[in-house]
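Shown next, in structure tokens, is the structure this report addresses.
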Amino acid sequence: MNAHYTSAFFGPQVVSYVVYEKFRSAYYRGLEKLVYEVPKFYPGWSMRVYLNWAQDNLRDWACALACNNSHLDICDAQNLPGIGNVIESFPRIWRFSVMGDPLVNRYIVRDSDAPLIQREVDAVNEWISLGKCFHIMRDHVGHKARMMAGMWGGCNSWQPSKNKETRANLYLSTHEDNGDQHILTVRFSRVNKQRHLII
């Protein structure tokens, strides 16, 4: 298995996740279920998981998942093609690395402890049918933020250089920036509003 990507190319549509913290936390358990849910809810899409390859116990766990699920792509945060080592950045933003990736056309960013539901898939299909580049979802009365960190997506065909620039700006943030939610809102706020759909 390649240390940074399990494959050179996985296809143009990707569901992006991250796992971190102590092994076997809710994030890891959730991801083990999502590995089987993603191809059912998003047939033809690949699933990317960003993690710290050097973390104890993760290699065997990740290899076992990837070897048994051809749609799964394991990405090492210490060695991301086109980006490098982002291990010192806030871990939850690693999943945003899919933005600006020339191998990916369309992507959605999700939480590894949140199960997929049909209502979400319907919203994603609506976004695709309308031809918008970015989508932002809220699915609860408590979702007040401009962008929920695990409920958005985009396309890399829109101004590729701008996508890479935005991604680089996300990684300028530090652990003190109050988490992925704040980082995404502050660093991503200049995206052209005509190119996104709020659902």
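Looking only at segment 118-135, count how many residues are closer than 20 Å to Ala168 by Cβ and assigned to a loop (DSSP other than H, G, I, E, B). Walk me through how you get there before you give the answer.
Start the filter on segment 118-135 by keeping residues that are closer than 20 Å to Ala168 by Cβ, which leaves 133-134.
With assigned to a loop (DSSP other than H, G, I, E, B) added as a condition, the list becomes 133.
Matching residues across segment 118-135 total 1.
If the Cβ limit is 6 Å and pairs must be 6+ apart or interchain, which residue in segment 93-110 that is closer than 11 Å to Val14 by Cα pairs with which residue that is part of a helix (DSSP H, G or I) and polar (S, T, N, Q)?
Met99/Asn163
May I ask you to list the residues in segment 10-49 that are of a type in the set (Asp, Glu) and either under 13 Å from the mean Cα position of the chain (by Cα) or closer than 15 Å to Ile74 by Cβ (or both)?
Of the residues in segment 10-49, the ones of a type in the set (Asp, Glu) are 21, 32, 37.
Result: Glu32, single match.
Of the conditions (1) surrounded by 13 or more Cβ atoms within 10 Å (Cβ to Cβ); (2) touching a residue at least 60 places away in the same chain (Cβ under 8 Å); (3) in a loop (DSSP other than H, G, I, E, B), Pro115 clears all except one; give me its number.
Among (1) surrounded by 13 or more Cβ atoms within 10 Å (Cβ to Cβ); (2) touching a residue at least 60 places away in the same chain (Cβ under 8 Å); (3) in a loop (DSSP other than H, G, I, E, B), Pro115 violates only (1).
Check off (1) over 30 Å from Glu165 (Cβ atoms); (2) without any contact (Cβ under 8 Å) to a residue 40 or more places away in the chain; (3) crowded, with 17+ Cβ neighbours inside 10 Å; (4) not polar (S, T, N, Q) for Pro43 and give me the number that stays unchecked.
(3) is the only condition that Pro43 fails.
One line per residue, one yes/no per condition, for (1) farther than 20 Å from Val35 by Cα; (2) modelled with pLDDT of 75 or more; (3) in contact with a strand residue (DSSP E or B) (Cβ under 6 Å, 6 or more places away or on another chain):
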{"position": "Gln118", "(1), (2), (3)": "no, yes, no"}
{"position": "Ser129", "(1), (2), (3)": "yes, yes, no"}
{"position": "Gly153", "(1), (2), (3)": "no, yes, yes"}
{"position": "Asp177", "(1), (2), (3)": "yes, no, no"}
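Run Gln13 past the list (1) farther than 27 Å from Ile117 by Cβ; (2) of a type outside the set (A, V, I, L, M, F, W, C); (3) modelled with pLDDT of 95 or more and report the number of the one that doesn't hold.
Answer for Gln13: the failing condition is (1).
Which of the residues belonging to segment 59-94 are over 19 Å from Tyr36 (Cα atoms), outside any loop (DSSP other than H, G, I, E, B) and not acidic (Asp, Glu)? So that I can check it myself, show each step before the final result.
Just the residues of segment 59-94 that are over 19 Å from Tyr36 (Cα atoms), to begin with: 59, 76-94.
Then keep just the ones that are outside any loop (DSSP other than H, G, I, E, B); that gives 59, 76, 80, 84, 91-94.
Those that are over 19 Å from Tyr36 (Cα atoms), outside any loop (DSSP other than H, G, I, E, B) and not acidic (Asp, Glu): Arg59, Leu80, Gly84, Pro91, Arg92, Ile93, Trp94.
Can you find even one residue in segment 142-150 that is exposed (fewer than 13 other Cβ atoms within 10 Å of the Cβ), modelled with pLDDT under 75 and farther than 23 Å from Asp113 by Cβ?
No - not one qualifying residue is present in segment 142-150.
Exactly one of (1) at pLDDT 70 or above; (2) out of contact with any strand residue (DSSP E or B) (no Cβ under 8 Å at 6 or more places or on another chain); (3) within 22 Å of Val86 (Cβ to Cβ); (4) not in a helix (DSSP H, G or I) is unmet by Lys162. Its number?
Of the numbered conditions (1) at pLDDT 70 or above; (2) out of contact with any strand residue (DSSP E or B) (no Cβ under 8 Å at 6 or more places or on another chain); (3) within 22 Å of Val86 (Cβ to Cβ); (4) not in a helix (DSSP H, G or I), the odd one out for Lys162 is (4).
What residue, among those in segment 12-40 that are surrounded by 15 or more Cβ atoms within 10 Å (Cβ to Cβ) and small (Gly, Ala, Ser), is nearest to Trp94 (Cα to Cα)?
Within segment 12-40, the match that is nearest to Trp94 (Cα to Cα) is Ser16.
So the check is Cβ under 9 Å with 6+ separation or different chains; which pairs have a first residue in segment 62-83 that's on the phi > 0 side of the Ramachandran plot and a second one that's in a helix (DSSP H, G or I)?
Correct list of pairs: Gly82/Ser97; Gly82/Lys164.
The values are calculated or read from the model by the stated rules, or taken from the named source; none is laboratory data. Quick caveat: nothing in here was measured; it's all calculated off a predicted structure. Neighbour counts are summed over all protein chains in view; Cβ atoms, including those assigned to glycine, are modelled from backbone coordinates with ideal geometry.
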